[in-house]
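*Asks:* Can you read through this structure? Questions will come right after.
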């Protein structure tokens, strides 16, 4: 069919538009009048449309008032206090706390059973003396995409280290794939990431604490291993993030965790382009730690590896001389049921080496959209209970705080509402946390509860996916958590006699 572009277009008059609208209305009216609430099931598809009630009485988006929640939270003073200066470098003094009086009042509470309270107070005892004893304790913040890229953890770390001492971002992955302000990392193209929660897997499950590792050659069987003769070179570069919180920017100690080194592997370390160290990794296939100490916080560090077959690099830890280390272990897509996929003997060794004394387990968000009924929620809670018990078995001295899912919204008939089974998930996660002697902090309730996420999105505190916090929102949520934690510590400390 051909059209003559020279012919004039027919002019539409208002009556034409009116007739068209009326025609559409007449066609759709029977559908609106007779369509059932759950739509028509055609076998191969389910057809939904506005019901008569929805058409004449459309549901409006709920606008929850979170002004009181947001107004009470002041995140502006996180960098107000000056850090200790270290003119002479790593002389064992990097990590002193700024301290300050903590309030026993908070907008939210950490929940616990009698056993959970005893476990939390056991951690408080270690926390109180860590700076004076010039020792280190590690807090491991495991979570899903809500914390990836150091979201939430960065703020919690800064508050913890300001109050109780410590420097550095703690553990960082061998290969970082998430945007983060805390550090900058690049690596050679031949490095490949392996995780226990998605993507390529390690055959021997020796991922280590971060549940992810990297190699520049694949794992090889004994026959293929003996046939390998060509040496490969690979590198990883790390430097502090320019926009990181002040405590995370400074570190004096670096540890690299590795395992499965089965062939001689040379390592060269460059600081801002200058070679500062040359060594060989231990090639007995066991888990080891490579350590360096610096006079001042280094700039860019380049780790260059030369070997026929790659060792497995489990990650790095950037630390001060003493105090609290707080590590972000974000796992996009994970529901937290990971520990069955990691070698427990190696995990125990690394937890002990890090002196890991507090586990923050922030999960649930990835499971919520998949829930079909209440039994699926209880099944998830049962699996999650198993993870908490596994941590207790691997690291008996540690305390666990579970942070449940935030509010999450789904689009339903044009409005955003809380996923129907999310409140029940919160209830079940709280239940298993308290039953295992863990503590529980209710992020869903702290935000304002049911249908609160749209208000967070409207105020720029969460993204348009109605799931993840913005940086500002993450700071507010983190402050709410720290206030609840600090209040429990202050109540405990106020009843102690020195």
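*Asks:* For a Förster distance of 56 Å, can you work out the FRET efficiency between the beta-carbons of residue 348 and residue 19, rounded to the nearest 0.05?
*Replies:* 0.15
*Asks:* What's the angle, to the nearest 10 degrees (0 to 90), between helix 344-354's Cα axis and the longest principal axis of the chain?
*Replies:* Rounded to the nearest ten degrees, it is 70.
*Asks:* Calculate how steeply helix 374-394 sits against the longest principal axis of the alpha-carbon atoms of the chain, using the helix alpha-carbon long axis, and give the answer as 0 to 90 degrees to the nearest 10.
*Replies:* So the inclination is approximately 10 degrees.
*Asks:* Could you grab the relative contact order for region 172-319? Cα pairs under 8 Å, six or more apart, rounded to a whole percent.
*Replies:* 32
*Asks:* Something else about it: Once you keep just the Cα pairs under 8 angstrom separated by 6 or more residues, what percentage relative contact order results for the chain?
*Replies:* So the answer I get is 23 percent.
*Asks:* Using helices alone, what [θ] at 222 nm do you get for the chain, with -39,500 (n - 2.57) per DSSP H run of 4 or more residues, divided over all residues and rounded to the nearest 500?
*Replies:* Roughly -9000 deg cm²/dmol at 222 nm, from the helical runs in the chain.
*Asks:* A further question on this structure: Assuming R0 = 22 Å, can you tell me the calculated FRET efficiency for the pair residue 221 and residue 284, based on Cβ-Cβ distance, to the nearest 0.05?
*Replies:* That pair, residue 221 with residue 284, gives E of 0.75.
*Asks:* How far is helix 153-164 tilted off the main Cα axis of the chain, in degrees rounded to 10, range 0 to 90?
*Replies:* Around 40 degrees separate the two axes.
*Asks:* Then there is this: Once the piece of chain linking residue 133 and residue 294 is laid out straight, how much longer is it, given 0.36 nm per residue of separation minus the C-alpha distance between them? Write out the running numbers ahead of the final one.
*Replies:* Values: separation 161, 0.36 × 161 = 57.96 nm, distance 2.13 nm.
Stretched fully, the residue 133-residue 294 segment lengthens by 55.8 nm.
*Asks:* Now for a separate question. Got a sec? Which residues in region 353-387 would a label at residue 431 touch, if it sits 7 Å along Cα→Cβ and we count backbone N under 16 Å?
*Replies:* Those under the cut-off are 372-386.
*Asks:* Quickly work out the residue 27-to-residue 62 label distance, labels modelled 7 Å from Cα along the C-beta direction, and quote it in nm with one decimal.
*Replies:* The two pseudo-label positions are separated by 3.6 nm.
*Asks:* With just the Cα atoms defining each centre, how far is region 312-391 from region 206-269? Give it in Å.
*Replies:* 21
*Asks:* Right, something else. So if R0 is 41 Å, what FRET efficiency would residue 231 and residue 464 give, r being the distance between their Cβ atoms, rounded to the nearest 0.05?
*Replies:* Calculated value: 0.25.
*Asks:* Residues in region 307-324, backbone N under 16 Å from the label point at residue 190 (7 Å along the Cα-to-beta-carbon vector): list them, ranges by number please.
*Replies:* 307-313
*Asks:* Moving on. Could I have the simple spin-label model distance between residue 203 and residue 450, label points 7 Å from Cα toward Cβ, reported in nm to one decimal?
*Replies:* Taking the simple label geometry, residue 203 and residue 450 are separated by 5.3 nm.
No value in this document is a laboratory result; all are computed from the given coordinates. Note that this is a predicted model, so its numbers are computed, not measured. Neighbour counts are summed over all protein chains in view; Cβ atoms, including those assigned to glycine, are modelled from backbone coordinates with ideal geometry.
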